[in-house]
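Report on one structure; see the data block that follows.
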Amino acid sequence: MTDQVETKSHRRHPLRGSHEDIASAREIPDTAQTRSPAYALAFSDQDFMCRDELRPVRLQLELLKPEMMMAEYGVESTIVLFGGARIPEPAKKDTARTKTLADLSKYYDEARNFARIMTERAKENGHRENVIVTGGGPGVMEAGNRGAKDAGGASIGLNIVLPHEQAPNEYVTPDLCFNFHYFAIRKMHFLMRAKAITVFPGGFGTLDEMFEALTLIQTGRMERVPFLLFGRAFWEKIINWDALSEAGTISADDLDLFRFVETAEEAVDVIDNWQGQTQKRDHLPGRE
């Protein structure tokens with residue numbers, strides 16, 4: 001079938017559209033047959049779409065929807081910003097649950113400043129390259145989206161449904177604010193366009209995202225990109241990196257996959273002067 005001229009509804013074929021049939025189906029006569037779940041259009045039947053057998057379709061949809069919408073918006077590459085949801089901004093550090101969280105509030109400002117700097121630099125390419133992407137939540141994530149908005153640019157928020165009621169932070173660009181059911185697909189969207197990864201202090205979620213990305217790079221499943229950990233004291237206190245190397249569970253070379261930084265300016269400088277190899281690894285050090 002040859003493509004037809006695109007209509008206002010963006011359809012490129014002469015066939016009747018799904019929206020038209022959904023509208024028509026609402027007006028059908030009320031009978032025993034039309035009330036049956038079997039008669040509902042499959043793609044507009046939520047009960048059907050949520051069946052266990054449809055999980056592969058739902059996975060595909062969660063991958064496809066943000067991919068299409070980011071492409072339509074013009075996003076070509078991203079700067080990933082991971083970090084804790086419980087870290088408050090300095091002005092509210094008195095509300096922190098622990099003294100450590102209050103002390104870590106300085107990284108809210110560093111995340112905000114870093115995102116602002118990177119977004120200001122992205123103006124040269126029409127905010128298509130190096131777009132800030134966060135998990136869309138509070139804390140450090142909020143700081144990242146807020147910094148991008150400070151610079152007058154767009155930013156992405158990849159939110160996920162959690163048992164407690166929540167909403168994305170108010171600084172995410174609405175047209176780039178996505179909600180996920182599957183953690184795995186959300187992680188893919190974090191990394192599919194990543195040109196750099198920054199990790200601020202955080203908890204289980206931050207650790208999960210950090211080690212997932214490091215493992216992909218370590219095993220050659222992903223190209224090397226600037227990988228920055230903000231707050232050396234925090235990271236060296238909770239993870240004994242040298243012990244992993246000395247035990248042989250990772251290679252000494254793996255410790256070169258990331259750098260520690262303290263400030264936004266230092267992070268920008270490391271990204272600009274990243275000397276690490278950028279191609280995928282073709283072997284795993286220590287496993288030869």
- [ ] For Ile160, enumerate residues with amide H under 5 Å from its amide H, sequence gap 5+ or separate chain, H modeled in the peptide plane.
- [x] Phe180
TODO: Rank Gly17, Gly248, Gly84 by mean-square fluctuation in a GNM of the chain with C-alpha springs under 10 angstrom and give only the top-ranked residue.
DONE: Gly17
- [ ] Enter the angle in degrees (range 0 to 90, nearest 10) between the Cα long axis of helix 140-150 and the first principal axis of the Cα atoms of the chain, meaning the one along which they spread out most.
- [x] 80
TODO: Check the straight Cα-Cα distances from Lys195 and name the lysines below 16 Å, setting aside those fewer than 8 residues away within the same chain.
DONE: Lys187, Lys280
Task: Proximal lysines relative to Lys92, as straight alpha-carbon distance under 24 Å, when same-chain residues fewer than 8 apart are discounted - done: Lys106, Lys149
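Asp94: net charge of surrounding residues, Cβ under 15 Å, Lys/Arg +1, Asp/Glu -1, itself excluded? Can you show the working numbers first?
On the way: positive: Arg86, Lys92, Lys93, Arg97, Lys99, Lys106; negative: Glu89, Asp103.
Neighbourhood net charge equals +4.
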Task: Angle between the chain longest axis and helix 106-122 axis [Cα atoms, degrees, rounded to 10] - done: 60
Task: region 245-284 and region 166-189: distance between their alpha carbon centers, rounded to Å - done: 27
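What is region 62-272 by shape, rounded, prolate or oblate, if you read a ≥ b ≥ c off the alpha carbon gyration tensor as root eigenvalues and call it rounded for a/c under 1.5, prolate for a/b larger than b/c, and oblate otherwise? Kindly include the intermediate steps, with their values, before the conclusion.
Numbers: a/c = 1.40, a/b = 1.18, b/c = 1.19.
Because its axes are fairly even, with a/c under 1.5, region 62-272 counts as rounded.
Return the loop-located chymotrypsin sites (Phe, Trp or Tyr not before Pro) in region 43-126 (DSSP other than H, G, I, E, B) with at most 10 other Cβ atoms within 10 Å of their own Cβ; answer none if there are none.
none
Any read-out appearing in this document is the output of simple, stated calculations on the displayed coordinates, not a laboratory observation. Keep in mind the model is a prediction, meaning the values are calculated, not measured. Backbone-built Cβ (ideal geometry, glycine too); neighbour counts: all protein chains shown.
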